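The values are calculated or read from the model by the stated rules, or taken from the named source; none is laboratory data. Since the model is a prediction, treat every value here as computed from it, not as a measurement. Every residue, glycine among them, receives a Cβ derived from its backbone with ideal geometry; neighbour counts consider all protein chains shown. Surface areas here come from the heavy atoms of the whole protein model, side chains and all, with no ligands, DNA or RNA. Shrake-Rupley method; radii C 1.70, N 1.55, O 1.52, S 1.80 Å.
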Amino acid sequence: MSRVVLDACVLFPMYLRDTLLSTAEAGLYLPYWSQRILDEAMRNLVLRGKISVEGASNLELVIKTAFPEAMIAAVPWELETSMTNNPKDRHVLATGIITNADTIVTHNLRDFSDEALNLYKIKAQSPDSFLSDLFDEYPDKIVQVIQKQAQNYKRSPQTCVQLLERLSKQIPTFTSKVLSYDSKI
């Protein structure tokens with residue numbers, strides 16, 4: 001099973017985060033993050049006015065409770081500073097090394113050069129590319145995940161099509177694949 005580090009930038013858009021975590025919950029990959037990654041995601045949620053400080057604390061607790069094995073408490077400073085990728089994302093690559101990750105899912109692909117990644121046999125993928133690859137491998141399971149995810153929104157109920165429309169702004173290839181695969185959506 002793939003071991004995947006989720007960068008902060010893919011954890012703060014709500015529907016994308018939910019899709020990434022739902023696919024992990026379905027057993028399609030093993031997610032990982034560090035405390036610093038979670039701190040950055042929660043800080044961005046608060047700064048962008050998406051959630052209150054209390055709401056961010058609650059969300060972080062929910063994520064940690066749902067995926068206790070995903071949490072890397074601290075990344076050694078020596079390891080982080082030895083990384084050669086973009087300085088602001090060295091902690092993300094170091095988290096990948098500690099967890100023996102196959103992939104880092106990020107919107108910041110330019111911060112992870114092939115040169116920096118190849119030494120550790122880690123690749124960086126956009127969430128669209130990552131989820132599209134998961135769909136190619138597990139199409140029926142992905143459709144089930146999306147159906148369940150749509151049903152779980154109690155405050156703002158939505159259909160699968162409505163959820164996929166929201167997701168299409170961030171992950172257009174993935175949503176197109178799901179929509180064209182299953183007429184039950």
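Test of understanding: what is the full-extension gain from Tyr153 to Asn100, defined as 0.36 nm times their sequence separation minus their Cα-Cα distance?
Details: separation 53, 0.36 × 53 = 19.08 nm, distance 3.35 nm.
Between Tyr153 and Asn100, full extension yields 15.7 nm more.
Cut-off 10 angstrom, C-alpha nodes, Gaussian network model of the chain. Which of Thr95, Thr103, Thr81 fluctuates the most?
Highest fluctuation among the options: Thr81.
State the percentage of accessible surface on the range 103-176 attributable to carbon and sulfur atoms; use a 1.4 Å probe and exclude ligands, DNA and RNA.
C and S atoms contribute 47 percent here.
Loop by DSSP (not H, G, I, E, B), at most 12 other beta-carbon atoms within 10 Å: where is the longest site-free stretch of the chain for trypsin sites (Lys or Arg not before Pro)? Provide the component values of the computation, followed by the final result.
Numbers: sites that count: Arg48, Lys121, Lys154, Arg155, Lys169, Lys184.
That gives 49-120 as the longest site-free run.
Going down the list Lys64/Lys141; Lys88/Lys141; Lys64/Lys148; Lys123/Lys154; Lys88/Lys121, which pairs span over 32 Å between their C-alpha atoms? Before the final figure, lay out the partial values.
Values: Lys64/Lys141 24 Å; Lys88/Lys141 35 Å; Lys64/Lys148 21 Å; Lys123/Lys154 36 Å; Lys88/Lys121 20 Å.
From the list (Lys64/Lys141; Lys88/Lys141; Lys64/Lys148; Lys123/Lys154; Lys88/Lys121), the Cα-Cα distance tops 32 Å for Lys88/Lys141; Lys123/Lys154.
Can you give me the accessible area per residue for the range 1-160, using a 1.4 Å probe, in Å²? Walk me through the numbers before you get to the answer.
Working: 7880 Å² over 160 residues.
Normalised by residue count, the accessible surface of the range 1-160 is 49 Å².
Calculated FRET efficiency, Glu54 and Ser2, Cβ-Cβ r, R0 25 Å, to nearest 0.05?
So, using R0 = 25 Å, E works out to roughly 0.15.
Stretched out fully, how many nm does the piece from Glu137 to Ala73 gain, at 0.36 nm a residue minus the Cα gap?
This chain segment gains 19.9 nm when fully extended.
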